[in-house]
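Below is one structure, written out as structure tokens; the observations come after it.
What follows is calculated from the coordinates using simple rules that are stated; it is not laboratory data. The model shown is predicted, which means the values in this text are computed figures rather than measured ones. Note that each Cβ is placed from the backbone with ideal geometry, even for glycine, and that neighbours are counted across all protein chains shown.
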Amino acid sequence: MASRRINGRYADIGAAYLVADDPAFAAQTESWQARGLARPWTDTLRVYPAGTDARGPVRWAAPGGLRSLATDLADGLDVRLSTPVDSVDQDADAVVLAMPGPQALKLSPPPAIASAAAAQSWRPVIAAVLTYPARSWTGLHGAFVNDHPVLATVCDDGDRRGDAAPVLVAHSTAELASEHLDAPAEAGPVLAAAVGELLGITASPQVEVHRWTYAQPEKGSDAPYARDGRVWLCGDAFGRPRVQTAWLSGRAVANALLSG
């Protein structure tokens, strides 16, 4: 759940939306909705190469960007940013590593955590935020782009956020991301050209990119978390890879900690 501020406006560059089909997470989502932080976006996404619309579960979005939901969850907590951490503190009352396994391994965690982290497999993604002079596409909420060499998804961020901004967010295939991990900016024009060709857009966009080295868990665990003593590992690799899974995983850790 990440948003980047571009031209005074936040664009979602990580997870594209929320799906809430678990009762507990649905209740959380409804709480966000009641406070104006989340809204139902769409149940229909386009599927390429056929270009047909497919209905599915309701996807939820956030007017202030999905990052605003994480900010809401952290309200009242003592959050410290820009603080380097290079190892797990063995004297801590509890340590929760809410991160991809490869990042957790850099902290030299205890054996059971290291084993669970090493078992995970992740795919990279490069996100491109494409800001156009004006909207020239219609009827698009978002799209899955199958069998494409460089493009995996594209979402109308103006439609998703509800402000009609002429902004599309494209996510690359893992193959393209792997080729450009050391120079992600080089993937920007490639993704912009692919989106233009797909949607028939002739205008040139302003392009901003973000590299996600660990974007999509491929191989994770059916358990809600991993534990070694007072050290925990949680996140969206513990189940189906989605925001709901990460929330449920973290909630399970919190419940275990509170129960002693």
Could you give the Stokes-Einstein D for segment 1-107 in µm² per second, using the C-alpha Kirkwood radius, 20 °C, 1.002 mPa s? 128
Show me the ranking of peptides 199-210, 184-195, 37-48 by mean Cβ neighbours inside 10 Å, starting with the highest. 184-195, 37-48, 199-210
So the angle from the long Cα axis of helix 23-34 to the longest Cα principal axis of the chain, reported in degrees to the nearest 10, equals 60
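Please rank 96, 79, 167, fewest neighbouring Cβ atoms within 10 Å first, as an exposure proxy.
So the residues, fewest neighbours to most, are 79, 96, 167.
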Treating only the Cβ of Lys, Arg, Asp and Glu as charged (+1, +1, -1, -1), what charge dipole size does segment 26-154 show about its Cα centre? Round to the nearest 20 debye. 640
Cα-centre dipole for the chain with unit charges at Cβ (Lys and Arg positive, Asp and Glu negative), debye to 20: 360
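How many percent of all Cα-Cα pairs in segment 109-152 sit more than 11 Å apart?
Distances greater than 11 Å cover 80 percent of the Cα pairs.
For segment 86-198, what does the equivalent ellipsoid look like in terms of its semi-axes, each the square root of 5 times an eigenvalue of the Cα gyration tensor, given largest first in whole Å?
Ellipsoid half-lengths, sorted descending, are 37, 17, 12 Å.
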So what is the relative contact order of segment 19-69, in percent, for Cα pairs below 8 Å that sit 6 or more residues apart? 37
Note on the chain: contact order normalised by length, alpha-carbon pairs under 8 Å, 6 or more apart, percent, works out to 21
Helix 243-258 axis, angle to the chain major axis (alpha carbon atoms, nearest 10°): 20
Neighbour-count ranking for 80, 227 (other C-beta within 10 angstrom, fewest to most) reads 80, 227
Dipole-positive endmost among 223, 38, 112 within the chain (Cβ charges, Cα centre): 38
Any chance you could give the angle, 0 to 90 degrees and rounded to 10, that helix 187-199 forms with the longest Cα principal axis of the chain? 50
May I ask you to derive the relative contact order of segment 1-113, considering only C-alpha pairs under 8 Å and at least 6 residues apart, and to give it as an integer percent? 22
Which of the following values of log10 I(q)/I(0) by the Debye sum over Cα atoms at q = 0.08, 0.09, 0.12 Å⁻¹ was calculated from the structure shown: (i) -0.34, -0.43, -0.77; (ii) -0.65, -0.74, -0.91; (iii) -0.29, -0.37, -0.69? (i)
